[in-house]
1. Semi-axes of the equivalent ellipsoid for chain A, please: Cα gyration tensor eigenvalues, times 5, square-rooted, ordered largest first, whole Å.
2. Given the Cα atoms of region A:32-187, and with Rh set as the inverse mean 1/r over their pairs in the Kirkwood sense, what is Rg to Rh to two decimals?
3. With label points built 7 Å along Cα→Cβ from the Cα atoms of A:D27 and A:A274, find their separation and express it in nm.
4. Over chain B, with a Gaussian network built from C-alpha contacts below 10 Å, which listed residue (B:S252, B:S200, B:S125) shows the highest mean-square fluctuation?
5. Thinking of region B:224-333 as a set of Cα atoms, what percent of all their pairs are more than 15 Å apart?
6. State whether region B:16-120 is rounded, prolate or oblate according to the following rule on the C-alpha gyration tensor (a ≥ b ≥ c being the square roots of its eigenvalues): a/c under 1.5 gives rounded; otherwise a/b larger than b/c gives prolate, and the remaining case gives oblate.
7. D for region B:164-229, whole µm²/s, Stokes-Einstein with Kirkwood Rh over alpha-carbon pairs at 4 °C and 1.567 mPa s: what number?
8. Strictly over 23 Å apart at the Cα level, which of B:K81/B:K112; B:K20/B:K152; A:K135/A:K169; B:K62/B:K169; A:K20/A:K139; B:K62/B:K112 would you flag in this model?
2 protein chains.
Amino acid sequence: MIETPYLLFLGDAPDPLAAKVAQGIKDWRPDFALGQFRMEGCNADMGLPDMSLTEARDAGCKTLVIGVANRGGVISQAWKKVLVTALEEGFDLASGLHNLLRDEPDLVAVAKATGRSLHDVRVPSVNYPIANGEKRRGKRCLAVGTDCSVGKMYTALCMEREMVARGMKATFRATGQTGILITGDGVPLDAVVADFMAGSVEWLTPDNDPDHWDLIEGQGSLFHVSYSGVTMALIHGGQPDALILSHEPTRSHMRGLPGYDLPSLEDLRDTALAMARVANPACQVVGVSINTAALSNAVAERYCAEVEERMGLPTVDPYRHGAGRLVTALAAI
Amino acid sequence: MIETPYLLFLGDAPDPLAAKVAQGIKDWRPDFALGQFRMEGCNADMGLPDMSLTEARDAGCKTLVIGVANRGGVISQAWKKVLVTALEEGFDLASGLHNLLRDEPDLVAVAKATGRSLHDVRVPSVNYPIANGEKRRGKRCLAVGTDCSVGKMYTALCMEREMVARGMKATFRATGQTGILITGDGVPLDAVVADFMAGSVEWLTPDNDPDHWDLIEGQGSLFHVSYSGVTMALIHGGQPDALILSHEPTRSHMRGLPGYDLPSLEDLRDTALAMARVANPACQVVGVSINTAALSNAVAERYCAEVEERMGLPTVDPYRHGAGRLVTALAAI
């Protein structure tokens with residue numbers, strides 16, 4: 001569990017896209033994001049107050065979150081200076097970078113000397129159990145995609161926000177690095193050892209109130225040969241009561257797999273539902289989430305209307321149109 | 001790669017079942033198994049020559065393979081004495097135990113001093129790639145099960161033996177600890193990190209002659225919620241041309257999951273084939289393998305005949321009846 005609130009480290013981000021972790025935290029957990037720390041040459045701006053480390057500490061920030069992808073896969077000396085000072089000033093550090101904080105001897109030494117924590121959310125910190133398949137109380141919703149990176153995380157976060165606004169009990173459950181940094185907690189599923197994948201998802205979504213919903217962050221796709229095993233473990237470990245089908249309509253092939261066509265939404269529905277019912281015979285598909293970022297307003301609306309007509313399920317881009325109709329469908333089951 | 005031939009260490013095995021790894025090596029790779037090493041109180045016997053370490057060395061053995069499950073999860077002092085002496089006598093050690101050889105400081109120290117290798121086949125020793133899904137040359141066969149532990153490994157080994165006897169090009173590809181110790185090579189799939197599961201299977205079954213068959217050792221089941229993700233990665237990473245359906249007819253529920261019914265062979269066929277065709281549209285189900293160990297001869301034959309009639313596929317217990325009909329079906333595609 002990463003201590004909040006955060007100071008978001010934007011470093012020397014070459015462009016706004018490089019700071020998408022910081023953007024996610026600011027968009028989805030604004031209460032956690034008190035300020036930003038930018039270095040010379042930074043081309044990203046979250047619109048948050050620029051703070052020095054001392055100012056951030058005085059404002060109550062507990063953790064410096066690296067909200068930016070680093071260049072070249074190494075933590076530069078320029079970053080190091082800030083990170084070391086942050087530890088000395090009393091901040092924990094949190095990072096989803098491939099090059100781990102714990103692999104940097106100077107950061108480890110300073111963290112030890114100052115009693116601060118280094119959170120590398122890319123690697124698991126828990127010994128997860130093997131899944132036991134026992135039915136848990138409370139309800140769970142999972143977004144499954146025709147492909148990777150089609151908006152499953154944003155769908156879950158949009159739904160959580162709408163549900164909380166309606167006074168429903170709902171918790172986003174992060175299964176990826178960005179989701180974990182957004183919420184401060186979760187399972188880095190793609191880094192879990194095979195035998196414990198489904199068990200880690202059970203651990204993440206434990207018994208809860210009967211009217212509580214976990215919104216589980218999806219990963220991969222049953223139809224993506226590189227990552228389908230991860231998706232399968234989410235479906236069986238999460239034992240969802242509800243599935244949302246997620247799709248991005250402009251892909252010409254599966255992400256990273258030229259020659260692999262996307263499945264139809266019908267194929268996704270039938271396959272994912274059959275697999276989900278192994279763990280939860282009551283599971284239903286309740287709606288479709290379309291990532292329309294690449295479409296104009298008019299085209300996006302027409303596309304969603306066509307899918308809704310074809311599939312007989314409420315179909316929206318939850319980020320563009322709001323998640324209200326998906327949540328209403330969820331509340332009805 | 002573990003050096004052969006082996007001296008099989010049976011230790012103080014309380015009963016024959018405790019030595020089932022040794023039994024597997026003796027059954028499937030008799031050329032690798034030159035002798036056995038038994039301690040006082042050993043109640044297992046492979047029918048191999050009992051050898052001292054010196055005798056085994058003189059006979060040409062390269063590796064002492066721990067062919068027995070240890071009691072209580074620790075390597076006892078009595079075992080240690082033999083293992084240390086074996087290293088000093090010039091043997092490598094190989095083990096699939098949960099408690100790793102490499103976690104024993106005395107073994108590590110002696111191995112280093114003597115220049116010998118410690119093979120813990122329970123943990124991966126390779127940095128596997130992420131699967132790229134590219135079509136590989138050569139052919140691949142995978143057994144998929146209605147449940148875990150229904151005879152998938154034995155099915156593949158029986159088929160390999162039959163194919164080699166017919167002069168076909170065939171290689172058993174181990175994906176579990178026992179299979180790796182039997183063959184000296186493979187991927188411990190249940191210990192691979194999630195993102196690299198399918199890639200490790202691609203790595204294990206690379207490009208080959210057009211008429212060469214990999215017989216891939218199956219793991220888990222698409223219908224077993226604890227391990228289905230591992231099975232899915234095998235199906236997509238293995239891109240099989242042929243599937244064998246495996247079943248054990250006396251199970252009352254999924255292994256370790258009371259309350260979970262087994263799927264029908266029809267459900268298994270339809271689900272596994274649809275998933276396999278994502279990676280290899282030409283994939284076919286070619287036969288059914290029944291583990292009849294718990295049935296009498298007459299009941300076993302009747303059961304196989306009934307399944308064959310129902311499914312329209314050659315149906316045998318390959319260990320009991322031979323794998324000939326499965327291999328003939330494989331050769332026909």
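The values are calculated or read from the model by the stated rules, or taken from the named source; none is laboratory data. Computed from a prediction, not measured in an experiment: that's the story for all the values here. Note: ideal-geometry Cβ built from the backbone for every residue, glycine included; neighbour counts use all protein chains shown. These accessible areas exclude ligands, DNA and RNA; they are computed on the full protein's heavy atoms, side chains included. Shrake-Rupley method; radii C 1.70, N 1.55, O 1.52, S 1.80 Å.
1. Over the Cα atoms of chain A, the ellipsoid semi-axes are 35, 22, 19 Å.
2. 1.00
3. Inter-label distance under the simple model: 3.5 nm.
4. The residue that fluctuates most here is B:S252.
5. Cα-Cα pairs in region B:224-333 separated by more than 15 Å: 67 percent.
6. Oblate shape, in that a/c is at least 1.5 and b/c is the bigger or equal ratio.
7. D = 100 µm²/s.
8. From the list (B:K81/B:K112; B:K20/B:K152; A:K135/A:K169; B:K62/B:K169; A:K20/A:K139; B:K62/B:K112), the Cα-Cα distance tops 23 Å for B:K62/B:K169; A:K20/A:K139.
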